[in-house]
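Undergrad: Have a look at the structure that comes next, please.
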Amino acid sequence: MAEHVYEVETTWSGATTGYRSYSRNHELLTAGRPPILATADPKFRGDKDRWNPEQLLVASLSDCHMLWYLHLCAEAGVVVTGYHDRAVGVMNDERFQQVTLRPEVTVSEPGMVETAERLHHDAHAKCFIANSVNFPVTHEPKIVTG
């Protein structure tokens, strides 16, 4: 099995002079890409205009599922012309309880709908991120033609 390595730098500066006073704002960096402006969830004194780790985890699950799904559709001859997901993650005070993906997929022909629906299951089984978390990741796809 191949090993894949992903390097990310997390950079913060400031002064932790008290819990209420230090900035949670930081940057996530990797070579050759623009920085991601990140922070804590606003409930934990973060900036509402920046990404927080919880949002990034839900986004990673949604993105991984979509990329596998498009790959499998291309292999199966299903022509996808649009994809939009409204993913929702639910946490309690300690951990994620679940993430639900709600992709709305447009395929080019009515005869592709059944296969397009089935391939969501296959994409979920192949998603590296979903296979790495210890909470349920479900999907409620909607397939339309257009």
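What follows draws every value from the coordinates through simple rules; no lab data is involved. If you're wondering where the values come from, they're calculated on a predicted model, not measured in any experiment. Cβ coordinates were reconstructed from backbone atoms using ideal geometry, including for glycine residues, and neighbour counts include every protein chain displayed.
Undergrad: What are the residue pairs meeting all of these: first residue in the stretch 57-69, first residue farther than 15 Å from residue 121 by Cβ, second residue of a type in the set (D, E, K, R), Cβ atoms under 7 Å, and 6 or more apart or on different chains?
TA: 62/85
Undergrad: Right, next: Check residue 63 against each of (1) within 12 Å of the chain's Cα centre (by Cα); (2) acidic (Asp, Glu); (3) outside any helix (DSSP H, G or I) and name the one condition it does not meet.
TA: (3)
Per-residue answers, yes or no, for (1) touching a helix residue (DSSP H, G or I) at 6+ places or on another chain (Cβ under 9 Å); (2) more than 22 Å from residue 6 (Cβ to Cβ); (3) surrounded by fewer than 15 Cβ atoms within 10 Å (Cβ to Cβ); (4) in contact (Cβ under 8 Å) with a residue 12 or more places away in the chain:
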{"position": "28", "(1), (2), (3), (4)": "yes, no, no, yes"}
{"position": "43", "(1), (2), (3), (4)": "no, yes, yes, no"}
{"position": "72", "(1), (2), (3), (4)": "yes, yes, no, yes"}
{"position": "76", "(1), (2), (3), (4)": "yes, yes, yes, yes"}
{"position": "89", "(1), (2), (3), (4)": "yes, no, no, yes"}
{"position": "99", "(1), (2), (3), (4)": "yes, no, no, yes"}
{"position": "107", "(1), (2), (3), (4)": "yes, yes, no, yes"}
{"position": "120", "(1), (2), (3), (4)": "yes, yes, no, yes"}
{"position": "130", "(1), (2), (3), (4)": "yes, no, no, yes"}
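Undergrad: Turning to a different aspect of this structure: Given 20, 50, which one is basic (Lys, Arg), farther than 20 Å from residue 138 by Cα and surrounded by 15 or more Cβ atoms within 10 Å (Cβ to Cβ)?
TA: 50
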